[in-house]
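Participant: Attaching a single structure in structure tokens format; questions to follow.
Derivation of every value follows stated rules applied to the coordinates shown; laboratory data play no part. Remember, it's a predicted structure, so these values are computed and weren't measured experimentally. When we count neighbours, we look across all protein chains shown, and the Cβ atoms used for this are built from the backbone with ideal geometry, even at glycine.
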């Protein structure tokens with residue numbers, strides 16, 4: 001099955017894709033480096049050099065590259081913080097909707113009075129969740145709250161947005177918007193690496209965040225390995 005993956009922090013330290021071929025594609029929005037093997041391609045949204053912070057990622061180039069390569073189905077893995085005590089670190093969920101109010105949406109239509117209908121297709125999620133079970137129990141229908149970054153949210157901000165959704169991150173809404181505009185099917189998988197700042201007594205910073213991501217690495221590697229089997 002021809003499927004592309006977008007990921008970030010969770011694959012930086014993974015050896016699962018070390019043997020995949022590295023290529024670069026020029027797009028009208030800039031060059032994109034990606035890895036590929038057979039019918040699959042992988043983009044590290046933060047890049048393969050110095051990792052770009054979320055607000056500096058070239059989302060338009062990434063999504064346009066996948067469209068130009070002939071992909072229509074995209075599976076995205078996003079590192080997120082939990083906004084709910086019942087969704088602990090180590091969980092994996094799928095989001096079906098999102099909130100993104102801190103910035104204008106990423107768009108391909110800078111000079112046209114038009115825009116795509118927002119949403120997350122999740123056309124592959126029923127297949128993935130059924131085949132990944134019982135090893136991975138992945139609740140669906142969650143709401144992703146996107147914040148601008150690059151800093152983490154204040155405790156006051158988390159108190160406000162915790163009523164808006166289930167998880168908080170900095171990337172998925174931009175990718176979903178662009179996929180919708182260009183006709184790609186965006187599929188959401190979100191790995192909970194931490195409780196959001198202030199939730200359950202958590203105080204989050206980048207040093208703690210990196211440690212939390214490392215604790216999930218083996219589980220993320222296994223998730224990707226199983227998805228590659230299912231989508232072969």
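Participant: How high is the FRET efficiency between residue 164 and residue 140 when r is their beta carbon distance and R₀ equals 22 Å, given to the nearest 0.05?
Facilitator: Details: r = 18 Å, r/R0 = 0.82.
The computed FRET efficiency comes out at 0.75.
Participant: Can you tell me what share of the DSSP beta bridges in the chain is antiparallel? A percent to the nearest 5 is fine.
Facilitator: 35 percent
Participant: At 0.36 nm per residue, and after removing the present C-alpha to C-alpha distance, how many nm does the segment from residue 110 to residue 222 gain when stretched out fully? Present the calculation step by step, with values, prior to reporting the outcome.
Facilitator: Working: separation 112, 0.36 × 112 = 40.32 nm, distance 3.98 nm.
Working it through step by step, the gained length comes to 36.3 nm.
Participant: How would you rank 68, 166, 73, 193, going from fewest to most other Cβ atoms within 10 Å of each one's own Cβ?
Facilitator: Lowest to highest Cβ neighbour count: 68, 73, 166, 193.
Participant: Along its principal axes, what span do the Cα atoms of the chain show, with the longest given first and each in whole Å?
Facilitator: 45, 43, 34
Participant: Quick one: 27, 171, 15, fewest Cβ neighbours within 10 Å first, how do they rank?
Facilitator: Sorted ascending by nearby Cβ count, the order is 15, 27, 171.
Participant: Moving on. Mean-square fluctuation check for the chain, GNM, Cα pairs under 10 Å: which of 50, 199, 128 is largest?
Facilitator: 50
Participant: What ranking do 220, 168, 99, 3 get, fewest neighbouring Cβ atoms within 10 angstrom at the top?
Facilitator: 99, 3, 220, 168
Participant: Mind telling me which of 189, 113, 42 comes out most flexible in a GNM of the chain, alpha-carbon contacts under 10 Å?
Facilitator: Maximum fluctuation in the GNM of the chain, among the listed residues, is at 113.
Participant: Please give the Cα centre distance for the stretch 100-133 versus the stretch 28-44, rounded to the nearest Å.
Facilitator: 19 Å
Participant: Still on this model: Can you tell me which of 133, 173, 196 moves the most in a GNM of the chain? Springs connect C-alpha atoms under 10 Å apart.
Facilitator: The residue with the greatest mean-square fluctuation here is 133.
Participant: Please give the contour-minus-distance gain from residue 99 to residue 203: 0.36 nm per residue of separation, less the Cα-Cα distance, rounded to one decimal in nm.
Facilitator: Full extension from residue 99 to residue 203 adds 35.1 nm.
Participant: Something else: Before rounding to the nearest 500, sum -39500 (n - 2.57) across all DSSP H runs of length at least 4 in the chain and divide by the residue total; then give [θ] at 222 nm in deg cm²/dmol.
Facilitator: -8500 deg cm²/dmol
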